[in-house]
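Below is one structure, written out as structure tokens; comments come after it.
No value in this document is a laboratory result; all are computed from the given coordinates. Because the structure is predicted, anything quoted here is derived from the model rather than measured. Positions of Cβ are generated from backbone atoms using ideal geometry, with glycine treated the same way; all protein chains shown enter the neighbour counts.
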Amino acid sequence: MMVRTLGWGVLGAIGCAAMANAQSETEVLLCEAAKAGQTIELVYDKDASKGCEPRLLDVHIVALGNNGSLYLRGWQTRGCTKGRDFEAARLFKFEKIKSVKVIDGVFNEKSQASKEKGWDGCLGSNCFIKEMVCE
């Protein structure tokens, strides 16, 4: 079932070079998932402290923001945020991703439609994506 896993605990305990390496490993893993149309389990920001199960996300896009940050966009089918546990397109900052695990999964109709529609790099009128890294 599991293809590859990447996780890290307290990033402050790791040197800057190791953090950059972990982020690039995450980028490679998520780009592979985006290109192959894979689903991941994602632990994000404070999910673990809230006692949440990992989020389930169909990976659509990895993008680079105007601020130099990397972003992950996909279709979330299980969430952790109160009031946002419904299925929807979601956006995640790489620096807040705690762990990623590729799992078996199939994009549902809504997820596939969202991926095919693409994304313009905007949330409302706030367009902040410099370039799409992989889809």
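Over 24 Å between Cα atoms, which of LYS46/LYS110; LYS110/LYS130; LYS50/LYS96; LYS50/LYS93; LYS46/LYS130; LYS50/LYS98 qualify?
Beyond 24 Å: LYS46/LYS110; LYS110/LYS130; LYS46/LYS130.
What are the lysines whose alpha-carbon lies under 16 Å from the alpha-carbon of LYS101, with same-chain residues fewer than 8 places away excluded?
Candidates past the 8-residue exclusion: LYS35.
What does the highest-first list of 117-127, 95-105 look like by mean Cβ count within 10 Å?
Packing proxy ranking, top to bottom: 95-105, 117-127.
Cut-off under 20 Å on the C-alpha distance; same-chain residues fewer than 8 positions from LYS117 excluded. Which aspartates and glutamates are left, in chain and number order?
Cα-Cα hits under 20 Å: GLU32, ASP58, GLU87, GLU109, GLU131, GLU135.
When N is the residue count of segment 49-135, what does its C-alpha Rg come to as a fraction of 2.2 N^0.38 Å?
The reported ratio for this selection is 1.09.
Compare the peptides 52-64, 31-43 by average per-residue count of other Cβ atoms within 10 angstrom and give them in order, highest first.
52-64, 31-43
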